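Q: Pasting in a structure now, in structure tokens, and then I'll have a few things to ask.
The numbers here are math on the coordinates, done by the rules we state, and not lab data. Please read these numbers as outputs of a predicted model, since none were measured by experiment. All Cβ positions, even for glycine, are placed from backbone atoms using ideal geometry, and neighbour counts span all protein chains on display.
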Amino acid sequence: MDQDAQKNYFEIAYRTGSDVWTHIPYHAVAMRMLPPLAKDSFILDIGVGRGLWLHKLVAAGFRVIGLDYVADIVRKGNLDLKSENLGDRARFVVGDVTDIPLADSTFDCVTDIGVLQHMASGQRIGYMSEVARVLKSGGYVLNVSLSKETQRFLGFKPKHSADASFEKFGVSYYFFTNDELNGLFLDYGMKLVDQRIEHFDARTDPDDSIALVMSLYKKD
């Protein structure tokens, strides 16, 4: 996987609004899956992008840090927060999920909407270690990833393929089974609380039908 090509893709997608997640209406289900966190709980949103999910979390009464490795989108996000008088409720930060520039045991919850699925298998150890490090004991992770139940997406047919890893336009896509995802989090002391597979029209192609595995884990 070419990391530079993938980052360049997301820089363009964020700027143009052509990223896949802009068009998938996952928000309502994800919000219902959040644990019963107290008002003002501190949430880290990994791969915040343009901040669509971050703003929904802020509107729900949480304080939020949005992490992304695209510096331009971080700058724009902070300018938008300032113009909306939300600077005391949220902030965008430049950083990579394999080396999160934030303190240990800081967050009540970490959310990942479509980041883990783009990471090479060798990066997952760094990802999981860092997520576990910044999460408080008893904290939660809400993960939304591509599911192996996906019938067709960008010309791939994951459900009917022996492969789970695909690449297009320099971007890597991995389609998880539930058991595979659960095993990954369990290895880092996180137990499954809730999980469901939801199907959506992807809008990337008239015949596309995407399945997302949406999972809530709790750290011991």
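Q: So how far apart, in nm, are the two label points at Ser121 and Asp187 if each is 7 Å from Cα heading toward Cβ?
A: A separation of 1.0 nm, rounded to one decimal place.
Q: Can you compute the helix-only [θ] at 222 nm over the chain? Use -39500 (n - 2.57) per DSSP H run of at least 4 residues, normalise by all residues, nearest 500 deg cm²/dmol.
A: -8500 deg cm²/dmol
Q: Let me ask something else. Over the Cα atoms of the chain, compute the convex hull volume and normalise it per residue, giving Å³.
A: On the way: hull volume 24.9 nm³, N = 220.
Spelled out: Cα convex hull of the chain, divided by residues, is 113 Å³.
Q: Considering only the other residues whose Cβ falls under 12 Å of the Cβ of Arg152, what net charge follows from Lys and Arg at +1 and Asp and Glu at -1?
A: Net charge in that neighbourhood comes out at -3.
Q: How far apart, in nm, are two points set 7 Å out from the Cα along the Cα-to-Cβ line at Thr177 and at Thr16?
A: Label at Thr177, label at Thr16, 3.6 nm between them.
Q: Run the reach check for Lys159 against lysines, Cα to Cα strictly under 18 Å, same-chain hits fewer than 8 apart removed. What comes back?
A: The reachable lysines, counting only those whose Cα sits under 18 Å from Lys159, are Lys148, Lys168.
Q: Another question, then. Going by amide H atoms built from the backbone, whose H comes under 5 Å of the H on Phe176, apart from near neighbours?
A: Those qualifying (amide H under 5 Å, at least 5 residues apart or on another chain) are Leu146, Ser147, Lys148.
Q: Let me ask something additional. Two decimals is fine: what's Rg over Rh for region 115-202, C-alpha atoms, Kirkwood radius as Rh?
A: 0.98
Q: Quick one: if you take sqrt(5λ) for each eigenvalue of the C-alpha gyration tensor of region 62-161, what semi-axes come out, biggest first, whole angstrom?
A: Result for region 62-161: semi-axes of 27, 18, 13 Å.
Q: With each pseudo-label sitting 7 Å past Cα toward Cβ, what's the Ser105-Asn85 distance in nm, one decimal?
A: 3.7 nm
Q: Here's something else I'd like to know. Once the cut-off is 15 Å, how many percent of the Cα-Cα pairs in region 28-101 end up in the long-distance tail?
A: Result: 51 percent of Cα pairs exceed 15 Å.
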